[in-house]
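First the structure, in the form of structure tokens, and then the observations on it.
The values are calculated or read from the model by the stated rules, or taken from the named source; none is laboratory data. On a predicted model such as this, the values are computed, not experimentally measured, just so you know. Methodologically, a virtual Cβ is constructed for each residue, glycine included, from the backbone with ideal geometry; neighbour enumeration extends over all protein chains shown. Remember, those area values only see protein heavy atoms, side chains included, never the ligands or the DNA or RNA. Shrake-Rupley method; radii C 1.70, N 1.55, O 1.52, S 1.80 Å.
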Amino acid sequence: MAHTNTVDSPPSLLHADERRERPRRVNALLNAYYSIEDITQNETPQEHVSSDLDRQGFDAKRYFDTMVFAGKLPDLVKRSRDLDVEVKQLDCEMQKLVYDNYTHFTRAAGVISKMKVCIEALAPDIQQLEGNISRMTTHEDQAEVGVAERSKQLDAALKQQRICQKLDMLFRLPAMLKRCLDQGSYESAAAAYNSCSVFLSRHEHMPTFKSISDDVEYLVALIRHALVDRLHSIDLSVDDAVQNSATLLSLGESPATVMREYLVGRTAILQQLLHDCFQPEATSTSSDQGDGVGVGLESSGIAGADATTIAMEASTSSSRYTQEMQRPESKIVSHASTRAASQYIPSFCDAVDGFQTIHDSIATPRRSMIDETALAGFVSTQMEELFEQMSALVRQRCPPTRVLVSCVHNLHDALLRLQARLPQLTSELFLQFRVRLSNNAVDTLFAAAASATLHDLARLHDECGRVEES
């Protein structure tokens, strides 16, 4: 910094020492100019003069001499001015840092003084709190000592209480099962039995529990029998049948037995529905209630239609199909197929869905006890009986071909739900039904045609005899 000030100041302001050193510097410069090799050899150990001002051990005099020797006086002046600017900036920053530090210091001192006052004011409360905590600790220790002596007794008493409650429930279990049996609350009886069956089986060797177990098993057997009787009822819905089957399974009944009894009950209901669809009273009544079109619309769910208007429109229609539908045999077959499609087949599909629901609710290890062919046999039997009823009706009263085809399509549409679950079996059975029905229709038509031909031949023979006699 002293050398930069010397460069910027006039020669009159130079110090005496610098004036004395000036001739020596000039001589050194001249020697360096005319004795290059000597100068180079003298400076070889020192290598290059560093110009880094921030380096430790920086030699300002050597730096000045190097700049003068290189003829970089303007750069030296510029560097001096830049250093002055940097010094001023550093001075400002230093002052700012000092001010900020002083401000933080004063604030910290104020906060500390306030905290000191607050802490001194809280000293009595803190001492009181310490005393309260020590007393609480003392009381807590005393309470633990007092409770520890009776904790084992309390645990033993609670355990005995739970055992007594279980024993009370066990002793009241037969009466509870008897009450559920009388009221028909079989689900509640199954739940109570399942909650105690494991304990009874484990302690069956004890005389007291052996007696209770025998009574319980006897009542459970009665409940199972009652559930089987309910499954056989023709008034039981599919949902109730599924629920009762689940209750039977929870009571320990084998899955094969439950599925068999379920199908027996569903078979009885379906037999009753099938009989209602094809009973002679229903078909004869339907033949007296106007034309076949009116019967088809009414059985399809169109209620409130004017039967008289429909009858007049049908009677005045010249359509051949309408005329065919007015025939008595067409009315009987159409009505029977419509009732089967709207009543029998939906109940049949519901029964199959219920069987599948019960099957899915059974745990996988127990499914091996189920006869997998039971459902297929049930479906085959019910469809065979339906098709046999239709075939027998066609053999007795064969309608025209278009009426018969319409009835077959009606049954096929109703069986689409079952076909979605058992496609292969349903398709095979329905194909056999169509073949059988076609053969029956052909036989019936052939028999009717043969009978008509014989009748005509007999009449012709009589006419011929009368002609010969005349």
Within the set of pairs 6+ apart or on separate chains, which have a first residue in the range 119-138 that is open to solvent by less than 100 Å² (accessible area, probe 1.4 Å), a second that is among the hydrophobic types (A, V, I, L, M, F, W, C), and C-beta atoms under 6 Å apart? none
Please determine whether any residue of the range 412-425 is over 25 Å from D239 (Cβ atoms) and surrounded by 20 or more Cβ atoms within 10 Å (Cβ to Cβ). no
Of everything in the range 191-227, what is under 41 Å from the mean Cα position of the chain (by Cα) and either β-branched (V, I, T) or outside any helix (DSSP H, G or I) (or both)? Give them in sequence order. V198, V216, V220, I223
Identify, from the list A351, A340, the residue that is part of a helix (DSSP H, G or I), open to solvent by less than 60 Å² (accessible area, probe 1.4 Å) and closer than 20 Å to V394 by Cβ. A340
Six or more apart or on different chains, Cβ atoms under 7 Å: show the pairs whose first residue is in the range 341-353 and polar (S, T, N, Q) and whose second is crowded, with 17+ Cβ neighbours inside 10 Å. S342/S299; Q343/L273; Q343/C277; S347/I269; S347/L270; S347/L273
Any residue at all in the range 442-451 that's exposed (fewer than 11 other Cβ atoms within 10 Å of the Cβ) and modelled with pLDDT of 80 or more? no
Has the range 434-441 got any residue that is under 14 Å from M383 (Cα atoms), modelled with pLDDT of 80 or more, open to solvent by less than 70 Å² (accessible area, probe 1.4 Å) and under 60 Å from the mean Cα position of the chain (by Cα)? yes
Regarding the range 138-157, can at least one residue be identified that is in a helix (DSSP H, G or I) and within 30 Å of S211 (Cβ to Cβ)? yes
Matching residues in the range 409-433 - criterion: being over 16 Å from G377 (Cα atoms) and touching a residue at least 60 places away in the same chain (Cβ under 8 Å): N410, L411, D413, A414, L415, R417
What's the number of the condition E372 fails, among (1) part of a helix (DSSP H, G or I); (2) open to solvent by 40 Å² or more (accessible area, probe 1.4 Å); (3) more than 20 Å from L270 (Cα to Cα)? (1)
Just checking, which of A241, A221 is touching a helix residue (DSSP H, G or I) at 6+ places or on another chain (Cβ under 9 Å) and either open to solvent by less than 20 Å² (accessible area, probe 1.4 Å) or over 30 Å from M390 (Cβ atoms) (or both)? A241
